[in-house]
Amino acid sequence: MSEEIKSLNFIEHIIEEDLANGLPKEKLRFRFPPEPNGYLHIGHTKAIGISFGLGEKYGAPVNLRFDDTNPAKEEQEYVDAIKQDIAWLGYNWANELYSSDYFQKLYDWAVLMIKDGKAYVDSQSSEAMAEQKGTPTQVGTNSPYRDRTVEENLALFQGMKDGKFKQGEHVLRAKIDMEDPNMLMRDPIMYRILFAHHHRTGEAWCIYPMYDWTHGESDYIEQISHSLCSLEFKPHRKLYDWFKAHVYDYAKEELPMLPKQREFARLNLSYTIMSKRKLLRLVEEGVVKGWDDPRMPTISGLRRRGYTPNSIRQFIEKVGVAKRENVIDVSLLEFCVREDLNKTANRVMAVLDPIKVVITNYPKGKEEWLDGENNPEDDSAGSRKVPFSREIYIEKEDFKEEAGNKFFRLKTGGEVRLKNAYIIQANEVIKDTEGHITEIHCTYSTDTEKKVKGTLHWVSVKHAITAEVREYDRLFMDEAPDGHKDKDFMEFLNPNSLRVKKGYLEPSLAEAKVGEQFQFQRLGYFNVDNDSQADALVFNKTVSLRDSWAKQKPKPQQNQNQNKPQQQARPTISVIQQLGKKYTNLPEEKQLKSRVEILKLAENVSYEDLEPLFGTATKKVGTRIAVALSLSVLLKNGQERNEAIDTFISKALEDKNELLVKEAQAL
């Protein structure tokens with residue numbers, strides 16, 4: 001029992017503790033709550049795997065709930081794509097739900113909060129409200145409309161719902177505490193006016209609830225036991241609990257269980273861009289051919305490339321559940337699909353860069369159909385018939401006129417085994433007028449028991465079918481393509497991320513269907529692309545047989561240097577603080593060096609690490625500069641601006657120190 005408990009991740013420990021403290025197992029309920037404003041990518045698979053994985057582990061239902069509160073950005077297309085991706089991964093949701101299902105209930109609860117003096121209508125501009133929010137070190141000030149009467153608030157809120165006011169004219173705010181250290185608690189907005197067509201409710205509503213109000217209450221309505229989200233929502237937990245506690249008073253008889261929010265680290269992958277904005281740029285600039293391009297990290301792109309649901313699920317399991325952000329090497333994902341396809345993909349032969357071999361002592365016009373094992377890893381896979389004739393294709397790189405003893409493929413005077421066939425010996429070559437080899441003349445031996453070191457794949461010229469073969473590689477050549485402050489991530493594009501070839505394939509592939517996967521022996525794993533037609537097959541390369549990128553990695557000493565940031569993951573923010581303390585006292589040359597070091601370290605810092613430093617005392621200007629530099633990296637890497645960030649920047653712009661002001665202006 002103790003060994004089993006030790007293997008639990010921290011979320012499972014929380015659940016086990018709750019069960020031990022009296023939570024009935026049948027009350028466990030989880031959810032995956034995507035916003036339908038885009039396609040899911042590999043980063044989302046961790047959240048999907050955690051919630052649905054817990055559902056499978058505990059036999060508990062998992063809701064698929066679309067948090068559709070922003071009609072300006074959400075579309076049915078995204079809903080359909082998300083459902084397809086989750087189903088393809090092999091997960092089943094108990095209920096398909098939408099936050100828009102709860103618009104009326106949320107509105108009714110908001111009315112009750114107004115009546116209880118816990119919410120009010122504010123009629124200020126967004127700029128005025130932002131200014132009154134204060135800063136992490138300076139308390140906010142109350143809105144002049146905070147003390148409106150209940151009757152006035154109810155009338156205004158009803159008018160907002162009825163469409164009597166312009167967009168931005170009024171908002172509904174929770175009345176909490178403008179002096180709370182957590183700025184999210186300083187009278188957050190609950191509703192805004194938005195005249196936009198909703199993909200489900202049409203024009204029924206012109207006010208829409210904010211995420212923080214909707215999300216937690218949707219969890220409560222669905223009686224979710226454990227609300228699991230990524231680390232950027234940790235500062236929101238206090239507000240989540242505040243809303244939850246007040247709504248509980250309105251519905252505790254009907255809805256007795258209060259959800260518990262807990263956070264986990266997001267999935268970050270090397271050689272990969274996760275920012276939707278940057279992925280969109282790849283599409284718009286024609287670098288890729290759409291969101292499902294096999295080089296894209298979207299689930300639809302991975303599916304089209306030939307990744308299997310099982311390989312992605314295994315990847316998520318190996319990555320595990322962590323409390324701190326880290327970067328996972330993409331080679332682990334590639335290893336998982338290799339391991340899975342090795343067990344399931346039938347072996348076939350294909351030649352992608354052909355040179356003709358003529359077997360001079362094989363009778364002209366003769367052909368044989370030899371047995372080929374489909375998959376040595378699967379006894380039930382059986383065998384197939386492969387045609388053999390006098391003329392065959394082999395790969396150009398598998399022959400050299402002259403080669404040393406360590407070249408175990410075909411060379412003049414040397415022998416090799418043809419997979420599933422005979423042993424051949426190269427005797428002479430035929431060349432064109434420019435000296436290029438056009439044919440290799442060989443003789444064959446029927447003594448297949450003879451020991452030879454090399455084995456080659458091949459295809460009979462007479463029987464070969466042709467296909468378009470798209471060889472895909474990593475889209476970026478740099479481990480952190482968006483991790484360089486002074487360089488555009490597009491500079492690291494791999495010019496060889498796609499190579500299109502004409503392949504010569506054994507005839508058994510003529511009936512291959514879209515999505516079918518094969519191992520092209522000695523070349524890699526391939527699947528049939530969506531573009532395929534009966535008379536025009538198209539294959540995508542999923543992954544090579546071995547990790548070819550491993551050879552390109554730096555030498556051990558360089559590796560150690562590269563790993564330092566990850567080894568320092570826990571104290572990185574402290575190192576940045578220390579560099580900041582000395583920053584303003586350094587000469588210009590050392591200051592520049594320190595600046596570069598801070599920017600590099602900031603790549604391994606999360607928003608949750610940095611946000612507490614927004615309140616650094618004014619006199620500690622060096623630390624504030626370090627915070628501004630780190631913030632620039634987070635924003636560049638896709639961190640969305642929020643009120644706390646805007647407040648920090650505004651405060652920095654007002655400072656007397658020119659260096660701090662300069663960094664703030666850059667933000």
Quick one: which residue in G163, G168 is open to solvent by 30 Å² or more (accessible area, probe 1.4 Å) and within 23 Å of E35 (Cβ to Cβ)? G168
Please go through the range 22-68 and pick out each residue that is farther than 30 Å from D329 by Cβ and open to solvent by 10 Å² or more (accessible area, probe 1.4 Å). G22, L23, P24, K25, E26, K27, R29, Y58, G59, A60, P61
Among the residues of the range 357-386, count how many are open to solvent by less than 60 Å² (accessible area, probe 1.4 Å), in a strand (DSSP E or B) and over 16 Å from R417 (Cα atoms). 2
Conditions (1) within 30 Å of K166 (Cβ to Cβ); (2) open to solvent by less than 10 Å² (accessible area, probe 1.4 Å); (3) among the aromatic types (F, W, Y) -> Y211 fails only (2)
Any idea which residue in the range 532-555 is nearest to the chain's Cα centre (by Cα), counting only those that are at pLDDT below 65 and charged (D, E, K, R)? K553
Determine whether P571 is of a type outside the set (S, T, Y), modelled with pLDDT of 80 or more, closer than 22 Å to N268 by Cβ and surrounded by fewer than 14 Cβ atoms within 10 Å (Cβ to Cβ). no
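How about the range 452-478: which of its residues are assigned to a strand (DSSP E or B) and either among the aromatic types (F, W, Y) or more than 30 Å from E491 (Cβ to Cβ) (or both)? Before you say what the answer is, go through the steps one by one.
Applying the first criterion (assigned to a strand (DSSP E or B)) to the range 452-478 yields 455-456, 459-460, 465-472, 476.
Selection gives T455, L456, V459, S460, I465, T466, A467, Y472, F476.
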Given the criteria touching a helix residue (DSSP H, G or I) at 6+ places or on another chain (Cβ under 9 Å) and open to solvent by less than 20 Å² (accessible area, probe 1.4 Å), does L279 qualify? no
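Starting from residues that are β-branched (V, I, T) and closer than 30 Å to K252 by Cα, keep the ones in the range 79-120 and report whichever is surrounded by the fewest Cβ atoms within 10 Å (Cβ to Cβ). First the steps, then the outcome.
Applying the first criterion (β-branched (V, I, T)) to the range 79-120 yields 79, 82, 86, 111, 114.
Filter again for closer than 30 Å to K252 by Cα, leaving 111, 114.
Numbers: V111: 17, I114: 23.
This residue is V111.
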Do we have I82 as in contact with a Pro (Cβ under 9 Å, 6 or more places away or on another chain), more than 15 Å from H215 (Cβ to Cβ) and among the β-branched types (V, I, T) here? yes
Matching residues, the range 214-241, being among the aromatic types (F, W, Y) and crowded, with 21+ Cβ neighbours inside 10 Å: Y220, Y240
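Filter the range 397-413 for residues that are surrounded by 13 or more Cβ atoms within 10 Å (Cβ to Cβ) and in contact (Cβ under 8 Å) with a residue 24 or more places away in the chain; which is nearest to the chain's Cα centre (by Cα)?
Initial filter on the range 397-413 (surrounded by 13 or more Cβ atoms within 10 Å (Cβ to Cβ)): 398-401, 403, 407-412.
Restricting the remaining residues to those that are in contact (Cβ under 8 Å) with a residue 24 or more places away in the chain gives 398-399, 401, 408-410.
Values: D398: 38, F399: 41, E401: 47, F408: 41, R409: 41, L410: 43 Å.
Among them, the one singled out is D398.
Name the residue that is farthest from E263 (Cα to Cα), counting only residues in the range 601-637 that are in contact with a helix residue (DSSP H, G or I) (Cβ under 7 Å, 6 or more places away or on another chain) and open to solvent by 30 Å² or more (accessible area, probe 1.4 Å). Even if it seems obvious, please write down each step before you answer.
To start, the set of residues in the range 601-637 that are in contact with a helix residue (DSSP H, G or I) (Cβ under 7 Å, 6 or more places away or on another chain) comprises 601-611, 613-614, 616, 621-634.
From what is left, the residues that are open to solvent by 30 Å² or more (accessible area, probe 1.4 Å) are 603-604, 608-609, 611.
Working: E603: 21, N604: 18, E608: 11, D609: 14, E611: 16 Å.
It comes out as E603.
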Is there any pair linking a residue in the range 505-523 that is over 22 Å from L456 (Cα atoms) to one that is small (G, A, S), with Cβ under 8 Å and at least six apart or on different chains, and which? A512/S532; V514/S532
Could you list all residues from the range 422-460 that are within 46 Å of the chain's Cα centre (by Cα) and either within 29 Å of N530 (Cβ to Cβ) or buried (at least 18 other Cβ atoms within 10 Å of the Cβ) (or both)? L456, H457, W458, V459, S460
Has the range 121-138 got any residue that is under 34 Å from the mean Cα position of the chain (by Cα), more than 26 Å from P61 (Cβ to Cβ), among the polar types (S, T, N, Q) and open to solvent by 50 Å² or more (accessible area, probe 1.4 Å)? yes
Complete set of residues in the range 485-520 that are basic (K, R) and open to solvent by 70 Å² or more (accessible area, probe 1.4 Å): K485, K487, R499, K502, K513
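When you look at N540, is it of a type outside the set (S, T, Y), in contact with a Lys or Arg (Cβ under 6 Å, 6 or more places away or on another chain) and closer than 21 Å to F335 by Cβ, yes or no? Steps first, answer last, please.
Values: of a type outside the set (S, T, Y): yes; in contact with a Lys or Arg (Cβ under 6 Å, 6 or more places away or on another chain): yes; closer than 21 Å to F335 by Cβ: yes.
Yes; evaluated as a whole, the condition is true for this residue.
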Name the residue that is farthest from S460 (Cα to Cα), counting only residues in the range 484-504 that are part of a strand (DSSP E or B) and out of contact with any Phe, Trp or Tyr (no Cβ under 8 Å at 6 or more places or on another chain). R499
For the range 186-225, give me the residue count where each residue is among the aliphatic types (A, V, I, L, M) and within 27 Å of the chain's Cα centre (by Cα). 2
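The values are calculated or read from the model by the stated rules, or taken from the named source; none is laboratory data. Quick caveat: nothing in here was measured; it's all calculated off a predicted structure. Positions of Cβ are backbone-derived with ideal geometry, glycine not excepted, and every protein chain shown enters the neighbour counts. These accessible areas exclude ligands, DNA and RNA; they are computed on the full protein's heavy atoms, side chains included. Shrake-Rupley method; radii C 1.70, N 1.55, O 1.52, S 1.80 Å.
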